[in-house]
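The structure appears right after this line, and notes come after that.
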Amino acid sequence: MSRPRAVVCLSGGMDSTVCAALAARDHDCFGVHFSYGQRTQARELRAAREVAQAVGLQDLMELETDLFRRIGGSALTDIRINVPEASEEAGEGSSARRAGEIPVTYVPFRNAHFLSAAVSWAEVLGAESVFIGAVEQDSSGYPDCRPAYYEAFNELILRGTKEGRIRVVTPLIELRKHEIVRLGVELGAPLHVSWSCYASETEACGVCESCDLRLRAFAAAGVNDPIPYATGVATRRIAEGERTAP
């Protein structure tokens, strides 16, 4: 029997890797990956390719845009803005999060661009689902990771596409990071080829917000993180994660 088709937004990060494995379980999946001038662009593309192969995606559309590099405004795309360490603004219970501030690693309205491309392709493929690994809890306070954002986007799709049947699906959005790790292990997701670091393409720095959240998640899940980290950093961060595990 033929399976329904789905398009998956695949960054190559931990969340998108688990999301892709989950989508591929019940769908014939087609991935979309964006290179948008981010600091770890080449490493993320490599991760996305390896994830796509591992989970059996039918195709991976690799798209490039220099829009975000040209407009700047984010530490991920503007070399004049430093990528902060987690302790500066992003650690669990940080003052920035309590105040509801948006981190400097937020890329302005980025997910709308990703989703627009994915929905366009879904229309052509006859797919009725677009999967994205957005996570509200444990994330950085990004406005494009909130459930209301995706509810609004689905309303836009309903009114702005030919048949209006496509829906953005966010299966991880209510999960904590350690729950995502456990789900990934259960699904056999290729977490060993995923990449989360905001700053480095060789060894993960272990101190940026994304590395910090990932290390804490693996520690809380009781699972070893299989990617390479800068010497000594992972051990310290894992110990911190164990002390703050849920």
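A DSSP coil position with no more than 14 other Cβ atoms inside 10 Å describes the following trypsin sites (Lys or Arg not before Pro) in region 52-84: Arg80.
Only Cα pairs under 8 Å and 6+ residues apart enter the sum, and on that basis the relative contact order of region 5-196 stands at 29 percent. Take 27-38, 197-208 and order them by the average number of nearby Cβ atoms within 10 Å per residue, most first; the result is 27-38, 197-208. Near Arg167, the amide H atoms lying under 5 Å from its own belong to Ser129, Val130; only residues 5 or more places off or on other chains count, and H is placed 1.01 Å from N. Just to confirm a number: summing +1 for Lys and Arg and -1 for Asp and Glu over residues other than Gln38 whose beta-carbon lies under 9 angstrom from that of Gln38, what do you get? Net charge around Gln38: +1.
Taken about its Cα centre, the chain carries a charge dipole of roughly 100 debye when the Cβ of each Lys and Arg holds +1 and the Cβ of each Asp and Glu holds -1. Gyration tensor analysis over the Cα atoms of region 1-90 returns equivalent ellipsoid semi-axes of 29, 15, 10 Å (largest first, whole Å). Scoring 116-129, 54-67 by mean Cβ neighbours within 10 Å over their residues and listing the highest first yields 116-129, 54-67. Placing a label point 7 Å from the Cα of Leu158 along the Cα-to-Cβ direction, the residues of region 165-179 whose backbone N falls under 17 Å of that point are 165-170. If you average the C-alpha positions of region 149-207 and of region 27-90 separately, how far apart do those two centres end up, in angstrom? Spelled out, the Cα-based centre of one part sits 13 Å from the other.
Translational diffusion of region 101-214, estimated by Stokes-Einstein from the Kirkwood radius over alpha carbon pairs at 25 °C in a medium of 0.890 mPa s, is 156 µm² per second. Report the Rg/Rh value for region 5-196, based on alpha-carbon coordinates and the Kirkwood definition of Rh. Answer for region 5-196: 0.95.
Read-outs: derived from the displayed coordinates by stated rules, not from any lab. As the structure is a computational prediction, the values presented were derived from the model and not from experiment. Don't worry about glycine lacking a Cβ; one is built from the backbone with ideal geometry, like all the others, and counts go over all protein chains shown.
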